[in-house]
Every structure is written in C-alpha cells, then in structure tokens.
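The structure appears below as structure tokens.
The values are calculated or read from the model by the stated rules, or taken from the named source; none is laboratory data. Everything quoted here is computed from the prediction, not taken from an experiment. Heads up, the Cβs are rebuilt from the backbone with ideal geometry, glycines too, and the neighbour counts pull from every protein chain shown.
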Amino acid sequence: MSETSISLFTSENWDPLLDAHESGWRLALDAPGRRHLGEQEAVFVNALLRRAGNPMRMRCPAAESSEVPSHGDHPFRDTFSVGRLQALARGADPSAARSRDAAFAHLCELAMQVCRRPLHLSEEITTALMASARQYLHNETSRERRRWFASRDPVQSERREAARRMLDAAQSQQLRIHDFRARDALTHGDRTTRGDAMRAHALALRERFGSAAAAASSSEVSLIRDATGAVIYVVKPCGGESAQSWMPKGAGALREALAGAALAEIHRQGGIAFSSAHAEVVDIDGASALIQTGLPGRMLGPEAHFEAMDESADASSFRSMLAADQVSAFRIHPAELQRAVLAKLLIGDTDLKWANLLVQDDGRCHAIDLALGFPEPHAQALAMQRELSLDMLCRAPDGRTPLPAADQALDPALARAILAIDPSRYETTLLRERQALVSNTAAGLAKVSPAAHPDQRLSEDAVRIGVRGLRLVQELIRETPDQSLRALMARYQARRGELLPAGAPHAAREMDKEMLTWSAAERSDPLRMARSFERHLGGRTGLTIASKPADETPSPRLASVKHETVVRPTFLPAPAEKDWVVVERGPDVHEPLSNAAVDALLSRAMPRNPFKRKDRRLGALLVEFKALRALRGPAESQAARLALLGSIADLKVRTMDAVDKLGARDHAAIRAARDRLQALALIEVEVRARLA
C-alpha cells in the first residue's frame, strides 16, 4: 500500500463500504506483508479498523510508535465519519417520513461539525454534542416513547445505539482535549493556567470513570483514575483536612503547592529532579481543594491495607499482605529512597512513614503528602516535644527489620546537587511563591477556616523553617559526604532544634501542659495553640497545669477524661492516687507496671473486632497498639523507645480526631476511646520511666 493509494482512501469514500468489506479487510491485513507497512499506512489502517468496529491493531514498530498521543489525534473522527453520519441522519428509507427523526438529525449535524473541526478547536461543539446526546438518550428511555417508536420505526434501536456511541466518542474526545491542555500547561503554563487545565481534566475523568476514596488517610482524599485504572489526579478538599497537623484547614493544601515550587527551584539550581506531584489549589464543586497529578506505585505497611479488610478477613491474609510489603521494601533502590526522604527534609517535613511513600515494583519510590512541610513554629515545636521518630523509613514496614537501602552511602550526584543550592536565593523564591499563593487563595480558604488570617495558614516564619531545613541538610552533608541515610537522619533529628528560635522547646513544654486543661474542641483549635505558643515564647508563664480557668467549659464528650493525665482505669488495681506530675518527676516516684498489668491494659484498649465497619475509624489503631507490647522486652534500644513515644503521641491525636468524627450518641465508641486514652497515658509513663 503506497502513500498515493492512502490518499484515495478517504473516510467519506470508504465508510459506506466498511460493513460489506470488513471481512475482506481482515483477510488482506492478515497477510504477511502487513508487517512492512510504514507509520502513515499503519495509522490509516488502524483508524479504518476502529471505525469498522474491529479492535485489531497492527503489530509493527510504526504502529506502536503511532500510539503516542499527539495533537493530530481525533478520537471522534476515528469512530465516526461525515459519510456515515449523513447516512444515519437520512434513515433506512429516505423516502419515508417516519424514518426521519428531527432530534437525531440534529445530533448527527453536531457530530458532523465535530468531525470537521480540528481537535484543538472542537471543545465547545463537543460539549454541545455531549449535552444533546444525553438529552436524546434520556428522552428515549421513556417506556411509552420506546413502544411508540418500536411500532412505527424499526431502526430506532439502531439510532439509540448510535447516540450512545456518539456520547462515548465525544467523551473520549473531551478527555483527549483536556489531557493535551493539562500536559501543555504543566510544561509551559503559569500557576493559574495549570490549575484550570488540571481541574477541567480531572472533572472530565471523574464524570466518565468516577472517583474513589483513598485508604490510610486521616484527611478526605479522592482518587480519579482513567480507563486503565491508573491514578491520574488526587483531590484533597481543604475542608476535609485533618486536625493532626495543628494548623488551620487549608494550610496543608498551601504547603503542598509550595513544596512543588520548592522542589522545582532545587531542580533549577542543583540540576537534580525529585519525583513529586504537581499540586495546585483550585475551586472544585464550589469549594477550595488541592489537586495533584497522580504518581505510580503503592503504599506499604499496615495502614495501607485496613480499607481492604472486611468482616470476613482473617489474620493470615493480613500477614500475607504485610509479607508482600516486606519484599517490595527490600527492592527499593538506595538512591531512590534517599531522594524521597531528602525531598521531605529539604522543606522541613519530618512526617516520614511508609504511608507517605509510593513504591514501585522496579525499586523506584516517590514521596507523597508534603502537607507538613514548612511547619509553623508551634507545630514543629510540638513535634519535637513529643519526640516523633524520623527513622521509620530506615526500617522495613514491620517496624523492626533494618532496611539495607538506608545503610548505603549517599548518592554523590545527589549530595553535589544539594550543596549547589543557594539558600538565600531559595528563600527569596519561596517567599515570593508563598505571597502569591496566600493572595490567590485567600477568598476561597476564608470559607473553609473563616477565623484564620491568610498569613496564619502559611506564615513567613514557616517558610524560613523550611529553608533552615535545607541549610541543616547541607551542613550535615558537608561534614560527612559519604554517610548513610540512616546516619544522616539520626544527626538531623539530634539537631533539628536548630530550626526553631531559642526558647521554643520550653514554650512547647509549657504549651503542652496548658493543653491538658483544654477541652477536646479547644485542643483541635490550631489558632489557640499558636497563640499559646507565642505567649510562652515571649516569656509569659500563662496558665498552670494544676488550675483550670473559670471561663473554661468542659467538653460535652469525654468530659470525664483528663487528656494526657495519668488516670488508672478501673480494670487495673488502684494504688495511691497520683497527680499527673508523675510524668514530669521521672522514675523516682514511678511504680512500674507488671507485665500482667500491661497485658490487661492492652487487651482492654484494643478493639474487639477491628475489621467491623462500625469500628473502622478506631480499628486502624490495632497494629500500632500491638507494637506497644515491645515495651516488655528488656533489650530495647534508645531509638526504639523514642519511636514508641512518637507513636503514642500520634495515637493520642488520631484517637481524639476519630472521636470528633463520631456521633454524640455513639456511647460505646466514646467509652472505648476513653479507655484508649487512659491506656496511652499509663504506657507513656512506663516508657518514659524506662528511658530514664
């Protein structure tokens, strides 16, 4: 088949003959000579077969290369042609008035306009075609109308099927338009253009394929996939952000958008690219939301599998999932793990856990959930006060086995790229990006957190903390260029107090004590926490632990629980009454719990059946509660105890967050949460005593 002959095979000339000669085409294309077709010939024949309803593809290199999307693709024209649409509009018997349908003829006219226009100019008419096709199909679903047409027009069912195919092809056309526009905007567009293009593409995909909630997330997260099941976009409504970050709602979205700008600046200066998602804050469904491009891979660890478990699941299936995660973790390439971890540390994000990492089967991995980057001073001080461990990604998902990839020396190219970054220029760029972000999103985020000033969602001090994180990493690399990731993270954790101003640790301790007197609602108010931290940082003493302000009103739920107070549960032997000060005084006044008491504590705190749907919110804590049994071992390392304290602090916040989502009448769940908080307070005393 030559290029001259291809020019004669126009869609209008050959479409009326496709039905009669489809078998002949198939026989001709089955000949051995088909493998020698050129790229243009293969594109033509594949398009011809698609219009004929034949899904066969040419097996030759030219055909495979032609599958790469380009601006010349036209999905609707590949399915319909003007000649076929004209035949459909005329009907089976042009001389019979009953064979003509005005609504269907209008639909065909719109379809012919879509065929005649190039892809980049067909969005408006394609949208009109989709609306007309939906209206036509809606009218045809009427039972009376179907009966009426069945008796008068035998081809009406064929028209309905053609309308369905038009709608399907128009949706594919619309997706292709948005896909091209989004790709072009991500490469060449500004922030507004990128956000608009990503939102339009995401909404088109959601309309076609729907969306699903993400697993292992304390915030509201929706995944939007394409026809292959791959995650194309991740949408996080700002109003659904978790209170675990100790920052106002919408602050996480701003930080993820700023993190993208930070990693892009690192790429420009250092020449090293970090695998991160493009993120923009846009308006979706009338509310502000963060939209991100999807990344390949899957999460590892217990949190990734709780949504997959149901009431019929058993422990063996859960263990098999964790065993598969262990295998995937050991496949991670050391350089990939280093890039993923440093992508977070370079912006001051210390939320390092397996649920914030996507791992591929080929050893690559990608850092996700950068919402805790550029932390506010009070949030960073609280994280340090509660001793959250940074070495979780240096251990396998089981939390015990050392990860070999974490013991390899830093990639020299990565180290050189980080040292080449100018912190002053980095800070200037981020402050400019921060100002633009805060200004552009102020109106939308005011509906989400009206009490917060725009600067309180993302302050300049928070940006400077992220820049200090970059400076600290640079200093650690200069001191020991060939150190392992495990050693780097240990030194980072030991020195991360340098990210905060002097007096911040003391202010965090005082704020933590003051929070013991607050109700559950007040503890979830990040603005109150920030004011308390600033007050203590300025030298004022504030409230004392032993007293409660007169204007404080007890929380309607969990009112009987003194949060973070050592309260002995009723199922344990009651010794002499102790004040919460036992936590501060240390082991000289501490009475260790026996192993039997710890067992009783854990059995009462664990959910009876964590896989029941009604207990799903609190049941996700099961595996971490089981890990607390490790405190009975005499050979614990200092790092393991510190990691355990971090886990306890995280569980407290998550338990309170889960309680806030429960109904006020769910008394059984509230009692279970009270038991868990009491158990955590006791176990924290036990661990701190053993640390001393």
Handout entry: Some residue of the range 133-152 being more than 33 Å from the chain's Cα centre (by Cα), in a helix (DSSP H, G or I), surrounded by 18 or more Cβ atoms within 10 Å (Cβ to Cβ) and at pLDDT 75 or above
Key = yes
Completion exercise
When the range 266-284 is checked residue by residue, the ones that are of a type outside the set (Val, Ile, Thr), in contact (Cβ under 8 Å) with a residue 40 or more places away in the chain, out of contact with any Gly (no Cβ under 9 Å at 6 or more places or on another chain) and not in a helix (DSSP H, G or I) are GLY271, PHE274, SER275
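Condition test on SER449, is it on the phi < 0 side of the Ramachandran plot and touching a Pro at 6+ places or on another chain (Cβ under 6 Å)?
Numbers: on the phi < 0 side of the Ramachandran plot: yes; touching a Pro at 6+ places or on another chain (Cβ under 6 Å): yes.
Against the criterion (on the phi < 0 side of the Ramachandran plot and touching a Pro at 6+ places or on another chain (Cβ under 6 Å)), SER449 qualifies.
Condition check ((1) under 22 Å from ALA490 (Cβ atoms); (2) hydrophobic (A, V, I, L, M, F, W, C)) across all residues:
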{"position": "SER389", "(1), (2)": "yes, no"}
{"position": "CYS394", "(1), (2)": "yes, yes"}
{"position": "ALA409", "(1), (2)": "yes, yes"}
{"position": "ARG434", "(1), (2)": "no, no"}
{"position": "VAL438", "(1), (2)": "no, yes"}
{"position": "THR441", "(1), (2)": "no, no"}
{"position": "GLY444", "(1), (2)": "no, no"}
{"position": "VAL448", "(1), (2)": "no, yes"}
{"position": "LEU470", "(1), (2)": "yes, yes"}
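So, of the residues in the range 356-376 that are in contact with a Leu (Cβ under 8 Å, 6 or more places away or on another chain) and not aromatic (Phe, Trp, Tyr), which turns out to be farthest from ALA214 (Cα to Cα)?
GLY373
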Practice task
Grab the strands (runs of 3 or more DSSP E) fully contained in the range 171-265, keeping just those with 1 or more residues being β-branched (Val, Ile, Thr) and either without any contact (Cβ under 8 Å) to a residue 12 or more places away in the chain or crowded, with 17+ Cβ neighbours inside 10 Å (or both).
Solution key: 222-225, 231-237
Completion exercise
Pairs returned, first residue in the range 423-452 that is in the same structural domain as ARG268 (by TED's automatic domain parsing) and touching a residue at least 24 places away in the same chain (Cβ under 8 Å), second residue that is among the acidic types (Asp, Glu) and not in a helix (DSSP H, G or I), beta-carbon separation under 8 angstrom, 6 or more apart or interchain, are GLY444/ASP283
Practice task
All but one of (1) outside the structural domain of GLN435 (by TED's automatic domain parsing); (2) aliphatic (A, V, I, L, M); (3) at pLDDT below 85 hold for MET198, so report the exception by its number.
Solution key: (3)
Practice task
Under 8 Å between Cβ atoms, at least 6 apart or on separate chains: pull out the pairs that start in the range 336-364 with a residue that is assigned by TED's automatic domain parsing to the domain that holds PRO377 and end on any residue that is of a type in the set (Ser, Thr, Tyr) and part of a helix (DSSP H, G or I).
Solution key: LEU345/TYR492; VAL359/SER328; ASP361/SER328
Exercise for the section: Filter the helices (runs of 4 or more DSSP H) completely within the range 372-449 down to those with at least 2 residues that are out of contact with any Lys or Arg (no Cβ under 9 Å at 6 or more places or on another chain) and at pLDDT below 90. Expected result: 377-385, 423-446
Exercise for the section: Could you look through the range 76-114, keep only residues that are buried (at least 22 other Cβ atoms within 10 Å of the Cβ) and in a loop (DSSP other than H, G, I, E, B), and pick out the one that is modelled with the lowest pLDDT? Expected result: SER81
Problem - Residues (assigned to a loop (DSSP other than H, G, I, E, B) and under 20 Å from ALA262 (Cα atoms)) located in the range 450-475 - result: LEU458, SER459
Practice task
Could you list, in sequence order, all residues of the range 493-518 that are surrounded by fewer than 19 Cβ atoms within 10 Å (Cβ to Cβ), among the charged types (D, E, K, R) and touching a His at 6+ places or on another chain (Cβ under 9 Å)?
Solution key: ARG509
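To keep it simple, each residue is scored yes or no on (1) assigned by TED's automatic domain parsing to the domain that holds THR429; (2) more than 30 Å from GLU336 (Cα to Cα); (3) not charged (D, E, K, R).
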site	(1), (2), (3)
PRO481	yes, no, yes
ALA508	no, yes, yes
GLU522	no, yes, no
ALA530	no, yes, yes
ARG535	no, yes, no
GLY538	no, yes, yes
